[in-house]
Amino acid sequence: MAQDIFEQAQAAAAWIRTRSTLQPKLAIVLGTGLDALSSQFEKHFEVSYTEIPHFKQSTVEGHRGAYMEGMWEGKPVIILAGRFHYYEGYSMQEVTFPVRVLQQLGVEILLITNASGGTNENFEMGDLVLVRDHINLLPEHPLRGKNDSRLGVRFPDMTNSYDPEIRKLGLDFARSQNIRIHEGVYVSLQGPNLETPAEYDFLHRIGGDLVGMSTVPEVIVARHAGIRLAVLSVISNVCYPPDRIQETSGEDVVNVVKENTHKAIRVIQHLVQKLA
Ligand code: HPA
């Protein structure tokens with residue numbers, strides 16, 4: 001019989017455990033253009049996603065597809081360099097499989113990074129945002145189907161999904177360092193096109209502060225798995241009000257994020273120091 005997600009995640013975790021003994025409790029997912037973060041830590045172990053049983057290969061520019069373990073701030077951490085997006089054609093189960101593996105590895109805290117468009121008039125290009133809540137507009141759901149109670153409950157509660165204590169640590173630190181940072185509501189759309197001006201306006205009106213094509217499936221599965229989490233986003237383009245919108249390419253997004261990665265690294269580093 002084919003293995004289910006629980007068994008596949010167990011197999012992947014067991015495979016990793018025979019190769020690395022660090023047993024980190026904290027993991028970091030690197031979003032678009034944030035790869036430089038992985039050069040900050042003392043790497044002990046790296047494998048390509050393709051080598052890990054049941055992992056897919058990520059196909060997007062700026063997403064490498066490597067699982068790493070190492071030491072940062074004297075603490076063991078996992079870094080997932082590259083993620084799977086729904087728009088690449090993966091199922092939601094495939095998109096969120098890495099989080100299931102983290103669950104099986106015993107990870108307790110997940111720090112997710114991404115790039116996003118800002119639909120709040122106070123956000124500038126290159127600003128950081130700690131996500132405080134989300135609105136899920138994706139057309140598919142990672143928990144659709146029979147619930148496996150070994151993975152989590154049928155109806156996961158989403159209150160305080162974006163851990164208030166971690167958010168406060170990040171906000172206080174960034175402000176003490178004069179790094180521009182906000183809190184905001186992240187809206188997830190499938191992409192891969194960026195939004196029309198009318199859509200950005202709509203997202204603003206429904207209460208969205210930032211918009212992107214990832215993260216929410218991982219957040220839902222991490223909460224289902226009982227993992228505490230925070231999401232740090234880099235605003236790569238400003239989308240509200242409409243007169244601030246400029247044509248934006250995928251390359252523009254990566255470039256803006258790269259220019260601002262150093263700020264995200266400092267905030268994540270502080271969180272690792274305080275949390276791991
Ligand atoms: N829309 C959706 N996803 C994004 C954007 C955007 O404007 N910028 C970066 N990721």
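The values are calculated or read from the model by the stated rules, or taken from the named source; none is laboratory data. A quick note: this is a predicted structure, and the numbers were derived from the prediction, not measured. Virtual Cβ from ideal backbone geometry, glycine too; neighbours counted across all protein chains shown. Note: areas computed on protein heavy atoms with side chains; ligands, DNA, RNA excluded. Shrake-Rupley method; radii C 1.70, N 1.55, O 1.52, S 1.80 Å.
Overview of values
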read-out: Proportion of all alpha-carbon pairs of the chain beyond 25 Å (%); value: 41 percent
read-out: Estimated FRET transfer efficiency when R0 is 22 angstrom, pair ASP252-ALA36 (beta carbons, to 0.05); value: 0.80
read-out: Packing-based ranking, highest mean first, of 255-265, 148-158, 210-220, 80-90 given that Cβ atoms within 10 Å are counted; value: 210-220, 80-90, 255-265, 148-158
read-out: Accessible area per residue, Å², region 22-275 with all protein chains present, probe 1.4 Å; value: 41 Å²
read-out: Rg/Rh for region 88-189, where both radii come from Cα atoms and Rh is the Kirkwood radius; value: 0.99
read-out: Rounded, prolate or oblate (a/c below 1.5 giving rounded, otherwise prolate when a/b exceeds b/c) for region 153-201 by Cα gyration tensor; value: oblate
read-out: Projected label distance in nm at ARG17 and ALA2, using a 7 Å step from Cα toward the beta-carbon; value: 2.6 nm
read-out: Max mean-square fluctuation residue, GNM over the chain, Cα-Cα springs under 10 Å, options ASN178, ASN122, ASN160; value: ASN178
read-out: Lysines whose Cα lies under 16 Å from that of LYS274, excluding same-chain neighbours fewer than 8 positions away; value: LYS25, LYS75, LYS168
read-out: Antiparallel DSSP beta bridges within region 22-275, as percent of all bridges there, nearest 5; value: 35 percent
read-out: Share of carbon and sulfur in the accessible heavy-atom surface of region 22-275 [1.4 Å probe, %]; value: 47 percent
